[in-house]
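Enquirer: Let me begin by handing over the structure; questions about it come next.
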Amino acid sequence: MKIAVLGAGAWGTALAAAAAQRHDVLLWARDAAQAQAIASSRRNERYLGELELPRALRVGADHAAALAHAEGGLLVVATPMAALRERLAALPDARPVLWLCKGFEAGSGLLGHEVAAQVRPHAAGGVLSGPSFAIEVAHGQATALVAASDSAALTAAAVEAFHSEALRIYTSDDRIGVEVGGAVKNVLAIATGIADGLAETGLNARAALVTRGLAEMTRLGVALGARAETFMGLSGLGDLVLTATGDLSRNRQVGLRLAAGRALPDILAELGHVAEGVYSAATVLERARAVRVEMPITEAVVSVIEGRIALALALRQLMARQARAES
């Protein structure tokens, strides 16, 4: 199968490397110098420097050549959410496409499938998401993901492209649920990182935040048109647990470092990679308020990120909320 992965960040590189074990894969980088460096050294020093890329993986910066390479195969957009609209707009109108980004678009507040509906309303589109750290996928460690689309042909192509002994691909037609899970879990991971980093909290608090965070995520998703059961799957509970508890999670690291007293701009500069939860938190809250969904954990994260409340006070206010039925 011929596959073009558009975006040479950590996740795009890892997925391209995994697929190149069995398919003819071209990894496209926007920057020609970066593409040349990756092609010659067989390493993506900026994002996955420890990984030696398969010799079979092609790397280039010619966008037209990347599109031609995947003709009749699979196009995958592997950019952050901020670049999804631009990348989709550069594709031929009718070509199906799978994207990897998680979050809401800044300004519009749209999820990936909503952006695609505006930019390419007549083309099949879908998302590949789930609990996954790029470096583990790149090293062939066991991972399960979900491909979600209205197009059964596109999800079947995703399975053909990426399903292997180490990478299991499930399918879904609930794009809304899969995308809401992928977006909201980043915000909740910041909250969990903050709680884990505060001396006065413990593992009980982490369990409470993950569980009640899942309830927030589900309420928002259902209000936006998702199915509740989706959030008990890979892109909901699975991705939330990984991102909230795994120290490779950039969003969790933001929370931990905020709890250590670090300034947010310094944290983001140190990470060097996009922590989507920082940019999505306010948008998640806006979407929730628009559909009258209560999300107290998300609201606390937004207040902390915007510097309107101290970390410990935010946690105390959550604990001081009025008692209520669990569901």
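The values are calculated or read from the model by the stated rules, or taken from the named source; none is laboratory data. Quantities reported herein were computed from a predicted structural model and do not represent experimental measurements. Counting neighbours? That spans all protein chains shown, and the Cβs are built from the backbone with ideal geometry, glycine included.
Enquirer: Does Arg168 meet the test of being basic (Lys, Arg) and assigned to a strand (DSSP E or B)? Spell out the reasoning first.
Expert: Details: basic (Lys, Arg): yes; assigned to a strand (DSSP E or B): yes.
Answer is yes for this residue.
Enquirer: Taking Glu105, is it in a loop (DSSP other than H, G, I, E, B), of a type outside the set (Phe, Trp, Tyr) and either assigned by TED's automatic domain parsing to the domain that holds Trp11 or farther than 22 Å from Ala10 by Cβ (or both)? Please lay out each step first, then the result.
Expert: Working: in a loop (DSSP other than H, G, I, E, B): yes; of a type outside the set (Phe, Trp, Tyr): yes; either assigned by TED's automatic domain parsing to the domain that holds Trp11 or farther than 22 Å from Ala10 by Cβ (or both): yes.
So Glu105 fits the description; yes.
Enquirer: State all residues of segment 173-188 that are touching a helix residue (DSSP H, G or I) at 6+ places or on another chain (Cβ under 6 Å) and either surrounded by fewer than 23 Cβ atoms within 10 Å (Cβ to Cβ) or over 30 Å from Ala205 (Cα atoms) (or both); if no residue qualifies, say none. Steps first, please.
Expert: First, the residues of segment 173-188 that are touching a helix residue (DSSP H, G or I) at 6+ places or on another chain (Cβ under 6 Å): 174-188.
Of everything in segment 173-188, those that are touching a helix residue (DSSP H, G or I) at 6+ places or on another chain (Cβ under 6 Å) and either surrounded by fewer than 23 Cβ atoms within 10 Å (Cβ to Cβ) or over 30 Å from Ala205 (Cα atoms) (or both) turn out to be Asp174, Arg175, Ile176.
Enquirer: Let me ask something additional. Only residues that are within 17 Å of Val127 (Cβ to Cβ) and not in a loop (DSSP other than H, G, I, E, B): list them for segment 55-85, please.
Expert: Listed by number, the residues that qualify are Leu74, Leu75, Val76, Val77, Met81, Ala82, Ala83, Leu84, Arg85.
Enquirer: Exactly one of (1) touching a strand residue (DSSP E or B) at 6+ places or on another chain (Cβ under 8 Å); (2) surrounded by fewer than 18 Cβ atoms within 10 Å (Cβ to Cβ); (3) over 24 Å from Leu145 (Cα atoms); (4) free of Cβ contacts under 8 Å to residues at least 60 places away in the same chain is unmet by Glu71. Its number?
Expert: (4)
Enquirer: May I pose another question? Quick check on segment 81-92. Is at least one of its residues over 23 Å from the mean Cα position of the chain (by Cα) and either at pLDDT 95 or above or assigned by TED's automatic domain parsing to the domain that holds Ala161 (or both)?
Expert: Applying the first criterion (over 23 Å from the mean Cα position of the chain (by Cα)) to segment 81-92 yields 92.
Retained after the next criterion (residues that are either at pLDDT 95 or above or assigned by TED's automatic domain parsing to the domain that holds Ala161 (or both)): 92.
Yes, segment 81-92 has at least one match.
Enquirer: Of all residues in segment 17-47, how many are within 18 Å of Ser164 (Cβ to Cβ) and either without any contact (Cβ under 8 Å) to a residue 40 or more places away in the chain or touching a Lys or Arg at 6+ places or on another chain (Cβ under 9 Å) (or both)?
Expert: Residues of segment 17-47 within 18 Å of Ser164 (Cβ to Cβ): 17-25, 27.
Next, only the ones that are either without any contact (Cβ under 8 Å) to a residue 40 or more places away in the chain or touching a Lys or Arg at 6+ places or on another chain (Cβ under 9 Å) (or both) stay: 20, 23-25, 27.
The number of residues fulfilling the criteria is 5.
Enquirer: If we scan segment 62-80, do we find a residue that is touching a His at 6+ places or on another chain (Cβ under 8 Å) and among the aliphatic types (A, V, I, L, M)?
Expert: no
Enquirer: Still on this model: Restricting to segment 271-306, name every residue that is modelled with pLDDT of 90 or more and surrounded by fewer than 17 Cβ atoms within 10 Å (Cβ to Cβ).
Expert: Passing the criteria: Glu286, Arg289, Ala290, Val291, Arg292, Glu294, Pro296, Glu306.
Enquirer: Then there's this: Checking Ala37 against (1) within 24 Å of Val274 (Cα to Cα); (2) not in a helix (DSSP H, G or I), which single condition isn't satisfied?
Expert: (2)
Enquirer: Please verify whether Val159 is surrounded by fewer than 24 Cβ atoms within 10 Å (Cβ to Cβ), farther than 19 Å from Ala226 by Cβ, β-branched (Val, Ile, Thr) and without any contact (Cβ under 8 Å) to a residue 40 or more places away in the chain, treating the condition exactly as stated.
Expert: Numbers: surrounded by fewer than 24 Cβ atoms within 10 Å (Cβ to Cβ): yes; farther than 19 Å from Ala226 by Cβ: yes; β-branched (Val, Ile, Thr): yes; without any contact (Cβ under 8 Å) to a residue 40 or more places away in the chain: yes.
So Val159 fits the description; yes.
Enquirer: Just checking, does segment 53-64 include any residue being in the same structural domain as Thr155 (by TED's automatic domain parsing), of a type outside the set (Phe, Trp, Tyr), within 30 Å of Val187 (Cα to Cα) and at pLDDT 95 or above?
Expert: Within segment 53-64 (the criterion being in the same structural domain as Thr155 (by TED's automatic domain parsing), of a type outside the set (Phe, Trp, Tyr), within 30 Å of Val187 (Cα to Cα) and at pLDDT 95 or above), the answer is no, since none of the residues qualifies.
Enquirer: For segment 2-10, state whether one or more residues are more than 14 Å from Gly60 (Cα to Cα) and either in contact (Cβ under 8 Å) with a residue 24 or more places away in the chain or surrounded by fewer than 24 Cβ atoms within 10 Å (Cβ to Cβ) (or both). Break it down stepwise before answering.
Expert: Going residue by residue through segment 2-10, those that are more than 14 Å from Gly60 (Cα to Cα) are 2, 10.
Then keep just the ones that are either in contact (Cβ under 8 Å) with a residue 24 or more places away in the chain or surrounded by fewer than 24 Cβ atoms within 10 Å (Cβ to Cβ) (or both); that gives 2, 10.
There is at least one residue in segment 2-10 that is more than 14 Å from Gly60 (Cα to Cα) and either in contact (Cβ under 8 Å) with a residue 24 or more places away in the chain or surrounded by fewer than 24 Cβ atoms within 10 Å (Cβ to Cβ) (or both).
Enquirer: Inspect all residues belonging to segment 154-165 and state whether any of them is over 26 Å from Arg22 (Cα atoms) and part of a loop (DSSP other than H, G, I, E, B).
Expert: Filtering segment 154-165 for residues over 26 Å from Arg22 (Cα atoms) gives none.
No; the residues of segment 154-165 include none that is over 26 Å from Arg22 (Cα atoms) and part of a loop (DSSP other than H, G, I, E, B).
Enquirer: Only one residue in Ser303, Ser235, Ser249 is among the hydroxyl-bearing types (Ser, Thr, Tyr), within 22 Å of Leu198 (Cβ to Cβ) and under 17 Å from the mean Cα position of the chain (by Cα), so which one is that? Write out each step before concluding.
Expert: Working: Ser303 fails: under 17 Å from the mean Cα position of the chain (by Cα); Ser235 fails: within 22 Å of Leu198 (Cβ to Cβ).
So the residue among Ser303, Ser235, Ser249 that is among the hydroxyl-bearing types (Ser, Thr, Tyr), within 22 Å of Leu198 (Cβ to Cβ) and under 17 Å from the mean Cα position of the chain (by Cα) is Ser249.
Enquirer: OK, next. Inspect segment 48-59 for any residue being in contact (Cβ under 8 Å) with a residue 60 or more places away in the chain and buried (at least 18 other Cβ atoms within 10 Å of the Cβ) and give the result as yes or no. Please lay out each step first, then the result.
Expert: Quick first cut of segment 48-59, residues in contact (Cβ under 8 Å) with a residue 60 or more places away in the chain only: 48, 50-51.
With the extra rule that they be buried (at least 18 other Cβ atoms within 10 Å of the Cβ), the set shrinks to 48, 51.
Yes - at least one qualifying residue is present in segment 48-59.
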